[in-house]
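The values are calculated or read from the model by the stated rules, or taken from the named source; none is laboratory data. Since the model is a prediction, treat every value here as computed from it, not as a measurement. Heads up, the Cβs are rebuilt from the backbone with ideal geometry, glycines too, and the neighbour counts pull from every protein chain shown.
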Amino acid sequence: MVASSLKLQELIQEIREAKTQAQEREVIQKECAHIRASFRDGDPLHSHRQLAKLLYAHMLGYPAHFGQMECLKLIASPRFTDKRVGYLGAMLLLDERQDAHLLITNSIKNDLSQGIEAVQGLALCTLSTMGSAEMCRDLAPEVEKLLLQPSAYVRKKAVLTAVHMIRKVPELSDIFLPPCAQLLHERHHGILLGTVTLITELCERSPAALKHFRKVVPQLVHTLRTLVMTGCSTEHSVSGVSDPFLQVQILRLLRILGRNHEESSETMNDLLAQVATNTDASRNAGSAVLFETVLTIMDIRSAAGLRVLAVNILGRFLLNSDRNIRYVALTSLLKLVQSDHSAVQRHRPTVVECLREPDASLSRRALELSLALVNSSNVRTMTQELQGFLESCPPDLRADCASGILLAAERFAPTKRWHIDTILRVLTTAGTYVRDDAVANLIQLIGGAQELHAYSVRRLYSALAEDISQQPLVQVAAWCIGEYGDLLLEGTCEETEPLQVEEDVVLALLERVLQSHMSLPATRGYALTALMKLSTRLHGDNNRICQVMSIYGSCQDVELQQRAVEYNALFRKYDHLRAAVLEKMPLVERGGPQVNEAAKESKEVAQLSEAAPVPTETQASKLLDLLDLLDGPSENAQHPPPLDPTPGDTLIHLLDLPCTPLPSAPIPNLKVFEREGLQLTLSFVRPPGTPTLLLITVTATNTSGGDVTHFICQVAVPKSFQLQLQAPSGDTVPAQGGLPMTQLLRILNPNKAPLRLKLRLTYDHFGQSVQEIFEVNNLPVETWQ
Amino acid sequence: MIKFFLMVNKQGQTRLSKYYEHVEINKRTLLETEVIKSCLSRSNEQCSFIEYKDFKLIYRQYAALFIVVGVNDTENEMAIYEFIHNFVEVLDDYFSRVGLHVLQLLLIEQPLPAASRLAARAGTVSAK
C-alpha cells in the first residue's frame with residue numbers, strides 16, 4: 001500500500017485545521033507512521049519531503065529521533081535539495097550528546113572541499129551550529145583554507161564557523177590567528193563583523209593573542225572613523241547610523257585591547273571623542289553606539305577630559321524620555337561614581353529626580369546612586385530628599401533606603417542634634433524596616449550627647465505619645481524616658497516647645513506600652529526597666545510602680561517575670577541599694593564582641609531567686625573592708641558599681657568579664673619600691689579581648705641577708721577604678737634571692753582614666769616591723785589607655 | 001554573548017526558542033515559563049531590561065508577539081534592543097507578512113543568498 005505523500009504545506013494546513021490537541025496529535029502520529037515506513041523502505045525521491053515534515057513535527061514538540069539516520073543519508077546524497085533538508089535536520093536533531101553526530105564529519109569534509117558555494121555554505125553553517133569539539137578539531141584546517149576563498153559568501157560563513165570553533169576549542173587559536181589581520185581589510189561588512197568578533201574571542205581567551213592584536217588598533221581606528229565620518233550607505237544604515245552593529249563590535253574590541261595599555265588607549269582617544277560628538281543620539285541605534293563608547297572610555301586609560309565627556313553623555317541620557325536609556329545611564333553612573341566622583345556630582349539633581357520613577361528597577365538604581373553621592377556638603381538636602389522618598393517608596397526598597405539614610409547620617413552628620421532628628425524621623429516613618437542595631441546606635445548616640453538629653457527625651461516622649469506601634473522607636477523612647485525622666489518633668493528646654501508633663505501621664509504611657517499587644521517582648525523589657533528607673537527619678541510615691549512589678553512577677557514570659565521579680569526584690573529587701581543601682585548609666589562603649597559576650601554570659605544565669613543582688617553586696621563589702629584598712633588619703637567609700645542586676649540588658653556589664661589572661665604586647669615592668677634589699681616590681685598584662693582590664697603581678701624579691709616575713713601588701717586605686725586583690729603566693733620572701741612572692745591584682749578601668757596606685761606594705765625584716773605607704777604615679781601609659 | 005532567543009505569544013506559549021548554550025530540556029521549560037511571566041507582567045511604563053538570575057533579559061513587544069533575548073553581563077543592552085528590531089524588520093522585508101510557521105523553518109537554515117542584506121543580517125544573528 002502506497003501511503004499518500006503529503007507536501008509540507010498540506011501537512012501544516014491539516015494541523016492548523018485540527019481543533020483540539022488530541023486531534024492534532026492524531027494527525028501527527030499518523031503522518032509519523034507514514035514517515036517511518038517511508039524511511040524503512042527507502043524512497044529516494046521523496047525522502048527530503050518526509051524529513052521536512054518530520055522536522056516540523058519536531059518543532060511542535062513531538063519525538064523525532066528516528067529521523068537521525070535519514071539525515072545522514074540525505075547529507076551524503078549528491079542532490080542539493082536533499083542536502084539542504086539533511087543539514088537542516090542535522091542542526092535540529094543531532095547534537096553533541098548523540099553518538100551519531102560524528103558520522104557527519106566525513107560528509108562535511110567532502111562538502112567543504114567541493115567548491116560549490118551553496119554547499120559549502122550549508123556545511124559551514126551546520127558546523128557552526130552543532131559542531132562538537134572533536135569535529136572542530138578535525139575540520140579546522142579545512143575551515144582555515146576557506147577563510148581565504150574568493151567568494152565573500154563563503155568567507156563570511158567561514159569566519160562565523162571559526163568563531164564557533166574558538167569558543168568550543170580555544171587551542172585552535174593558533175590556526176586562526178594569522179588570517180585575521182588580513183581579513184580586517186575587508187570591505188564587506190558581514191565579514192568585517194565576523195572578523196572583529198573572532199578577534200574579540202581570541203583576545204578574551206588568550207593573553208598572547210591580546211598582545212598580538214594590539215598591532216591592529218590603528219587599523220580598527222581607521223575603519224571606525226570611515227564608518228562614522230562618511231555618510232551612511234543605505235545598505236547598512238539603521239535609522240541614520242551607519243552599521244551600528246559593526247560600530248558597537250569594534251568599540252568593544254577596542255575596549256578589550258586598550259584596557260590597561262597606555263599606548264593603545266592614546267591612539268583611541270581622538271577617535272572616541274569623535275564618535276561621541278558625531279553620533280546622533282535621537283534614535284535608539286545612535287544611543288546604543290554612544291553607550292558602547294561610554295563603556296569603552298570608562299574601561300581604558302583615557303584622558304581626564306574624555307572621562308568627563310563620558311559622564312556628561314550619561315547625564316544627557318538621564319534627561320532622555322526613553323526609560324531604557326535612563327536605566328542604562330543609571331547603571332553606568334553607579335559604576336563610575338567611585339572613580340569620577342566629582343564629575344558625577346554635577347548630575348546629582350537629575351539623579352534625585354529619577355527617584356520618583358514609577359518603574360521599580362529604575363528607582364532602585366536611582367536610590368543606590370543617590371546614596372553613593374551623599375557627601376558632607378550636600379548631606380542636608382540629600383537626606384531631605386531621601387526621607388521624602390522613604391515616605392512614598394514601595395516596601396521592598398524601604399529597608400535599603402532607611403539603612404542608607406542612617407549610614408549617611410552617621411558619616412556626615414553636621415551636628416549631633418541634626419543626627420538625632422534624622423534618626424528620629426527615619427524611625428517614625430519606617431521604623432519596622434530599620435536594622436536591629438539602629439536602636440543600639442541611637443541609644444549610644446543620645447547617651448553621648450549630654451547637652452541634648454533634655455531635648456531628645458522630650459522629642460521622643462511626644463513621638464511615643466502619638467504612636468506606640470513602631471517598635472524601634474518605642475524601645476529607644478522607653479529607654480530615654482527611663483534614663484532622663486527627671487529632665488522630662490523639669491519643664492523647660494529651650495529647643496522645643498514647653499511641654500507640661502505630669503508624672504502620672506508618663507507612667508500611664510509606659511504602662512500602655514507594656515500592655516499593648518503590638519509590643520515585642522524586647523520592647524516590654526525596655527518599658528519595665530524604664531518604669532523601674534523612674535522610681536528613683538520621679539518624686540511621687542512608687543506605689544504604682546510597685547504594683548506593676550508585682551503584676552509582672554507572674555507574667556508568662558520568663559524574661560519579664562525574672563525582671564519583675566528582681567525589681568520587686570529591690571523594692572522590698574534592698575531598698576537602700578535601689579538609688580545606687582538605678583543610677584544614670586555611664587557612657588556606653590561602642591560595641592565590641594566582648595560586650596555581647598558578657599551580656600550573653602549573664603543571660604545564661606537565669607535565676608528566679610534573689611541571688612542576683614547578692615554578688616553586689618559581697619563586692620561592696622570587700623572593697624569597703626579594704627579601704628577601711630588604709631587610713632591614707634585614698635578615696636573614701638567607693639560607690640558600689642552601678643550594677644544593673646538584670647541580665648536582660650544588652651548594654652555593658654562591668655563585671656563578669658572573661659577571666660583568662662591572654663598574652664598581649666608586653667608592657668615594661670616597673671620597679672616601685674626598694675628598701676634594704678627588698679624590691680617590689682610590678683608587671684602588667686592587658687588581655688587583648690578586654691580593653692578595660694589590667695592584670696598586675698606584684699613580685700617581691702629579697703636580695704638581702706635576712707628573710708622578710710609576715711609580708712602583707714595592700715593596694716588602693718582612684719574612685720573610678722575597681723580593684724580585686726587575689727591571695728598572695730605566700731607571706732615570706734626568703735633571703736639571698738630566694739623564691740619571690742607574687743600577688744595578682746585585677747584592675748578594671750572603664751573610663752580609661754590615668755592609673756594611680758597607693759600601696760601599703762607591712763612586714764618584718766631584720767627583726768623590725770616595717771610599714772611603708774607610697775604612691776605609684778608613673779605607671780606606663782599602655783596600662784590605662 | 002547571547003544565551004537564548006525566545007519568541008512568545010501573549011498567552012505565554014513559546015513560538016520559537018533557540019539556545020546558544022546547552023540547557024536541559026526540563027530546565028528549558030522552567031526557564032521559559034519564568035522568563036515569560038516576568039515579561040508579561042511588565043506594564044508599558046517600565047523599561048525593557050530585566051535582571052533575571054545571572055542573565056539580563058531584553059524584551060520587545062510586537063503586537064501579540066514578545067521577543068525576549070537573554071544575554072550575559074558583558075553585552076550592551078541597547079545594541080541588543082536594536083538588534084531585535086533589526087531582526088524583525090528583516091523578516092518582515094523578506095517575507096512581507098511575518099508568517100510564523102514558515103518563518104521558523106527558514107530561521108534556522110541560512111537562506112540562499114537572495115539579498116545580500118539578508119545575508120549580512122543573518123550573519124549578525126550567528127555572530128552574536
Just to confirm my filter: which helices (runs of 4 or more DSSP H) fall fully inside region A:354-457 and include at least 2 residues that are under 30 Å from A:PRO586 (Cβ atoms)? A:395-412, A:416-430, A:437-448
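For (1) modelled with pLDDT of 80 or more; (2) in the same structural domain as A:LEU779 (by the TED database); (3) under 37 Å from the mean Cα position of the chain (by Cα), each residue gets a yes or a no:
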{"site": "A:PRO658", "(1), (2), (3)": "no, no, yes"}
{"site": "A:PRO661", "(1), (2), (3)": "no, no, yes"}
{"site": "A:ALA665", "(1), (2), (3)": "no, no, yes"}
{"site": "A:LEU678", "(1), (2), (3)": "yes, yes, no"}
{"site": "A:THR681", "(1), (2), (3)": "yes, yes, no"}
{"site": "A:PHE684", "(1), (2), (3)": "yes, yes, no"}
{"site": "A:THR690", "(1), (2), (3)": "no, yes, yes"}
{"site": "A:LEU693", "(1), (2), (3)": "yes, yes, yes"}
{"site": "A:ILE696", "(1), (2), (3)": "yes, yes, no"}
A:SER342 meets each of (1) within 25 Å of the chain's Cα centre (by Cα); (2) under 28 Å from B:GLU89 (Cβ atoms) with one exception, condition (2)
Could you list all residues from region A:328-384 that are touching a strand residue (DSSP E or B) at 6+ places or on another chain (Cβ under 8 Å) and either polar (S, T, N, Q) or over 23 Å from A:SER287 (Cβ atoms) (or both)? A:SER361
Going through (1) closer than 23 Å to B:TYR59 by Cα; (2) surrounded by fewer than 20 Cβ atoms within 10 Å (Cβ to Cβ) one by one, A:ALA366 fails only at (2)
Odd one out for A:VAL351 among (1) under 25 Å from A:THR383 (Cβ atoms); (2) more than 26 Å from the chain's Cα centre (by Cα): (2)
Out of A:SER554, A:SER519, report the one residue that is of a type in the set (Ser, Thr, Tyr), outside any helix (DSSP H, G or I) and in contact (Cβ under 8 Å) with a residue 24 or more places away in the chain. A:SER519
Here is a list of conditions, (1) more than 23 Å from A:THR105 (Cβ to Cβ); (2) among the charged types (D, E, K, R); (3) more than 14 Å from every other protein chain (Cβ to nearest Cβ), and A:ARG49 meets all of them except one; can you say which number that is? (3)
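Here is a yes/no grid of residues against (1) crowded, with 21+ Cβ neighbours inside 10 Å; (2) in contact with a strand residue (DSSP E or B) (Cβ under 9 Å, 6 or more places away or on another chain); (3) among the polar types (S, T, N, Q); (4) without any contact (Cβ under 8 Å) to a residue 12 or more places away in the chain:
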{"position": "A:GLU96", "(1), (2), (3), (4)": "no, no, no, no"}
{"position": "A:SER132", "(1), (2), (3), (4)": "no, no, yes, no"}
{"position": "A:ARG155", "(1), (2), (3), (4)": "yes, no, no, no"}
{"position": "A:ALA158", "(1), (2), (3), (4)": "yes, no, no, no"}
{"position": "A:ARG167", "(1), (2), (3), (4)": "no, no, no, no"}
{"position": "A:HIS189", "(1), (2), (3), (4)": "yes, no, no, no"}
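Condition check ((1) of a type outside the set (D, E, K, R); (2) within 14 Å of chain B (Cβ to nearest Cβ); (3) in contact with a Lys or Arg (Cβ under 9 Å, 6 or more places away or on another chain)) across all residues:
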site	(1), (2), (3)
A:GLN120	yes, yes, yes
A:CYS125	yes, yes, yes
A:SER128	yes, yes, yes
A:ALA140	yes, no, no
A:HIS189	yes, yes, no
A:LEU192	yes, yes, no
Name the residue, out of A:ALA162, A:ALA209, that is out of contact with any Asp or Glu (no Cβ under 6 Å at 6 or more places or on another chain) and under 23 Å from A:LEU122 (Cβ atoms). A:ALA162
Do any helices (runs of 4 or more DSSP H) entirely within region A:238-331 hold 2 or more residues that are at pLDDT below 85 and in contact with a Lys or Arg (Cβ under 6 Å, 6 or more places away or on another chain), and if so, which? A:262-278
When (1) surrounded by fewer than 15 Cβ atoms within 10 Å (Cβ to Cβ); (2) under 51 Å from the mean Cα position of the chain (by Cα) are applied to A:LEU147, the one that fails is (1)
Only one residue in A:ARG417, A:ARG348 is among the basic types (Lys, Arg), in contact (Cβ under 8 Å) with a residue 60 or more places away in the chain, touching a helix residue (DSSP H, G or I) at 6+ places or on another chain (Cβ under 8 Å) and farther than 24 Å from B:ASN44 by Cβ, so which one is that? A:ARG417
Considering region B:39-82, residues that are over 24 Å from A:VAL289 (Cβ atoms), of a type in the set (Ser, Thr, Tyr) and part of a loop (DSSP other than H, G, I, E, B), and then whichever is farthest from the other protein chains (Cβ to nearest Cβ), we arrive at B:SER41
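For every residue, the table says whether it meets (1) under 20 Å from A:HIS347 (Cα atoms); (2) crowded, with 20+ Cβ neighbours inside 10 Å; (3) away from every other protein chain (no Cβ under 12 Å); (4) under 31 Å from the mean Cα position of the chain (by Cα).
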residue: A:SER242; (1), (2), (3), (4): no, yes, yes, no
residue: A:GLN247; (1), (2), (3), (4): no, yes, no, no
residue: A:HIS261; (1), (2), (3), (4): no, no, yes, no
residue: A:GLU266; (1), (2), (3), (4): no, no, yes, no
residue: A:THR277; (1), (2), (3), (4): yes, no, yes, no
residue: A:MET298; (1), (2), (3), (4): yes, no, yes, yes
residue: A:ALA303; (1), (2), (3), (4): no, no, yes, no
residue: A:VAL311; (1), (2), (3), (4): yes, yes, yes, yes
residue: A:ARG316; (1), (2), (3), (4): yes, no, yes, yes
So which pairs qualify, if the first residue must be in region A:7-25 and surrounded by 10 or more Cβ atoms within 10 Å (Cβ to Cβ), the second must be among the small types (Gly, Ala, Ser), the Cβ gap must be under 7 Å, and the two must be at least 6 apart or on different chains? A:LEU8/A:ALA52; A:GLU24/A:ALA18
